[in-house]
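Right, one structure below, let's go through it.
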Amino acid sequence: MASDDEPYLYYDEDEAAEEDDGLEADEDDVGLFEEAAPQPERRADHWAITRKSLSAAQQQDVSMVMNLVNVARHNARALLMHHRWKMDRIHDFLERRGREGLFRDAGIVVPPEDCGTATRARAAPHKRPRIVTCNVCFEDVARPSDVSTMDCGHCFCNDCWTEHFLASVGNGKKHIHCMQVKCPAICDDATVRRLLGRKYPDTAKRFDNLVLDSYLDNNASVKWCPSTPHCGRAIRIVDASERYCEVECPCGASFCFNCTAPAHSPCPCPMWDKWDAKFRGESENLKWIAVNTKSCPNCLRPIEKNGGCNHVSCPCGQHLCYACGGQLHPLHSCNRYDEAGHAANYDSIRRQMLRYTHYCDRFNVHVNSRKAEQAELWPAVQRRAVLLESATAIRPLIREASWLARAHRALLASRLVLARSYAFAYYMFGDEVRIYPSEKANLAIAKVLFEHQQWQLEENAERLSKVLAAPGVKPVLAEDELLRAMQETSNLAKIVDTHCREMYKVIQDELLPLLLEPMTIAAYRPDGPDKAKDLPA
């Protein structure tokens, strides 16, 4: 293993050949640092819904059901509400039970195909209209326009319908059933709005709001953004079965769609919920857990870290790991909790405190490193990129500096994965989760694999942080030295990204299946949670 003073290179001859071929292709193909090599935009699977676009979002799903089963709008909405706005469930019911079974399960009455709409009770203009007796108020109504008939064929006067609608909306009903006793038919939305609008316009508006809000309240594919103060948006995902995902609202808030907590993968929701509560409650009481300095193992001076890299040096010349305070050497490893070495002489309560301190301390180390690398390292990387692109003595394609931005993004992503991996490890390898009794041996094997991946990710993240924090590129730097620096940084970024993916794979495929309580995690996203787009109104 290379020491800290030696360059760590991962050189792939095939990749180098491809890059060399590309350098000769087109020297004029170069852009500014901020605009170079844009990342391919992912398909928009998530939409941000506001009050203005809520109606459009609802109508999209309603129109799909109307076309699918050839049904009126109000019945299509009732179908969606019955199935919690899950199109996959409607498709499944339709395939297994057919159209009639689908309607019967939702309690929807569909008129015969040869019948008209609510106007079928009206007589033809050239015929004398018949008198209709309302079975609610027992008044005779001569004008067809003064009565309304629903899909079930039950006909009542408009005054009685209006009072029925008023009472139903007052009770908060999102869809209103026919007045006939034990009739399950759902009243047409247009008729409800028309009759309420004549006499009770405010109630008609409330009915519209209830219909719209049902899309948010009963929809498993939509959840409110948890931002504080609230941004007024709700996020919709296309596939409700993919609720274990992380999304970013246009307001900037990133959260887990399953539990609406801040994004926390690769730590599952139940574990993160416990960790967050414990972290907030005990961090204030256990001041010694969140220490700001480490003692030099040689001269015992207090050392304060002033950058993102956790491999630091004391003025006395001693190199130490800021995560554990130990001396650095080629085989240094501090990611594993040594139960026997640290806690053999303590009682159970003390051992629990020491164990929590181990994981909490490393969680804080990577969180703080990410803050420093975002606030301090990123401006330095930008200045370095500007200096590189202004080096006119170097060929244009070599001056292209997007590799610095990609490396920095990989570093920030790795810090999040590392921090949350310690929250996961605290519960996964403790006594607070239940494991299948027959899987105890497999847990020990998977633990070794997990900690090995965690250690490799930490080591390469520190190397990448150190490389990015190196002095800026000078215009007089030789091209071969620049290519060497580019190769080293790019390779480290790829290695870090690979270890992040492997960490997720070990957790999802090797560790979580051992739990009695089923858990899963969101997929790894190197560029952060999927970004939701505002849905046009």
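Details
- Packing here is the average count of other Cβ atoms within 10 Å per residue, and on that basis the peptides 259-268, 67-76, 408-417, highest first, run 408-417, 259-268, 67-76.
- Sequence-distant lysines (8 or more away, or on other chains) whose Cα lies within less than 21 Å of Lys447: Lys274, Lys505
- Amide H contacts under 5 Å for Cys251, placed H, 5+ residues apart: none
- Diffusion coefficient, µm² s⁻¹, Stokes-Einstein with Kirkwood Rh over alpha-carbon pairs of region 383-537 at 37 °C and 0.692 mPa s: 182 µm²/s
- Long-range amide H partners of Val136 with built H, under 5 Å: Cys157
- Relative packing of peptides 185-193, 94-102, 368-376 - highest average C-beta neighbours within 10 Å first: 185-193, 368-376, 94-102
- Here the Karplus curve 6.51 cos²θ - 1.76 cosθ + 1.60, taken at θ = phi - 60°, turns the phi angles of region 137-150 into couplings of 9, 6, 8, 8, 10, 8, 8, x, 5, 9, 10, 9, 10, 8 Hz, with x standing for Gly and Pro.
- Counting only residues at least eight positions apart within a chain, or on another chain, the lysines with an alpha carbon under 17 Å from that of Lys533 are Lys52, Lys223.
- Table column - 3J(HN,Hα) (Hz), region 507-523, Karplus curve with 6.51, -1.76, 1.60, x for Gly and Pro: 5, 6, 9, 9, 9, 4, x, 7, 7, 5, 8, x, 9, 8, 10, 6, 5
We did not get these values from a lab; they are worked out from the coordinates using the rules stated. Note that this is a predicted model, so its numbers are computed, not measured. So basically every Cβ, Gly included, is an ideal-geometry build from the backbone, and we count neighbours across all protein chains shown.
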